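Bear in mind that the values in this text are calculations on the coordinates, not laboratory data. Small disclaimer: the values here were computed from a predicted structure and weren't measured. We place every Cβ from the backbone using ideal geometry, glycine too, and count neighbours over all the protein chains shown.
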């Protein structure tokens with residue numbers, strides 16, 4: 001049986017909007033095993049992206065406990081959290097977030113600048129990441145010279161360049177046509193099955209969710225339904 005990669009207990013996140021308090025996550029309990037491919041689903045406002053941001057250390061919980069790969073992220077200082085993210089988490093976004101003036105290779109090398117690797121080692125690692133996503137022949141191209149699907153592949157290469165255990169993807173196929181989306185999803189399935197990456201993917205698309213081995217449904221900040229290896233405790 002796999003170990004838990006993510007353990008949430010009573011996880012709550014509230015925001016202040018005017019004089020009102022908006023509770024986006026409401027005492028959420030969730031356990032996600034390492035090595036799975038999870039689709040995080042639910043209506044707009046259900047807390048999907050908020051949960052992803054908390055898991056990735058991009059935001060702080062209001063209350064409750066969150067342990068990711070044995071680390072209580074709330075106990076890390078700012079610099080410790082930045083280093084932890086760099087070492088353990090890869091992010092993939094709907095809008096790709098590539099830097100237009102840099103080549104594919106240079107974009108993928110960016111997160112490696114936070115590692116102790118030499119420039120030569122960084123380049124080698126970035127080239128390997130681009131090879132994994134099938135973009136070796138496009139490494140000298142800039143984003144505007146690539147299709148949307150190719151841009152997302154480069155973005156995924158950037159996310160895996162530091163060899164993180166966990167990939168967090170927020171609507172990674174939202175800006176892609178069906179064919180490009182399926183190609184990206186097949187790549188993510190390969191990263192999960194062959195490299196053992198734990199993947200948590202926010203999506204509204206049921207066809208995209210079908211690529212995941214487990215579907216987690218949120219509603220109004222609470223766990224509504226789970227099918228597969230993730231469990232509510």
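Calculated on the alpha-carbon coordinates, the convex hull of the chain measures out at 133 cubic angstrom per residue. Each DSSP beta bridge with both residues in the chain is either parallel or antiparallel, and the antiparallel ones are about 55%.
What value does region 9-67 have for Rg/Rh, both radii from Cα atoms and Rh as Kirkwood defines it?
Numbers: Rg = 12.0 Å, Rh = 12.3 Å.
Answer for region 9-67: 0.98.
Figure the gain on full extension for residue 23 and residue 227 (residue separation times 0.36 nm, minus the Cα-Cα span) and round it to one decimal in nm.
70.9 nm
Largest GNM mean-square fluctuation among 44, 63, 79, using the chain with Cα springs under 10 Å: 79. Going by neighbour counts of Cβ atoms within 10 Å, the residues 180, 118 line up, fewest first, as 118, 180. Reported value for region 140-184: 81 Å³ per residue, from the convex hull of its C-alpha atoms. Simple spin-label estimate for residue 190 and residue 99 gives 2.7 nm between the two label positions (7 Å along the Cα-to-Cβ direction from each Cα). Treating r as the C-beta distance of residue 136 and residue 114 and R0 as 25 Å, the FRET efficiency rounds to 0.55.
So for 211, 15, 38, fewest C-beta neighbours within 10 Å to most, what's the order?
Working: 211 21, 15 12, 38 26.
With the fewest neighbours first, 211, 15, 38 line up as 15, 211, 38.
With axes computed from alpha carbons, what is the tilt in degrees of helix 119-132 against the longest principal axis of the chain, rounded to the nearest 10 within 0 to 90? Result, in degrees: 80. Hey, what angle do you get for helix 78-88 against the long axis of the chain, alpha-carbon based, 0 to 90 degrees rounded to 10? Long axis of 78-88 versus the principal axis of the chain: about 60 degrees.
By DSSP, what percent of the beta bridges with both residues in region 143-233 are antiparallel, rounded to the nearest 5?
So the antiparallel bridges in region 143-233 amount to around 50 percent.
Model label points for residue 34 and residue 77, set 7 angstrom from Cα along the Cα-to-Cβ axis, are 2.7 nm apart. Each part gets one Cα centre, and for region 174-191 versus region 27-103 those centres are 21 Å apart. Per-residue extension of 0.36 nm, minus the Cα-Cα distance of residue 182 and residue 44, leaves a gain of 47.4 nm for this segment.
Radius of gyration over Kirkwood radius for region 64-198, both on Cα atoms: the Rg/Rh ratio is 0.98.
Our estimate of slack between residue 124 and residue 219, defined as 0.36 nm per intervening residue step minus the Cα-Cα distance, is 29.8 nm. Against the main long axis of the alpha-carbon atoms of the chain, helix 178-195 sits at an angle near 80°.
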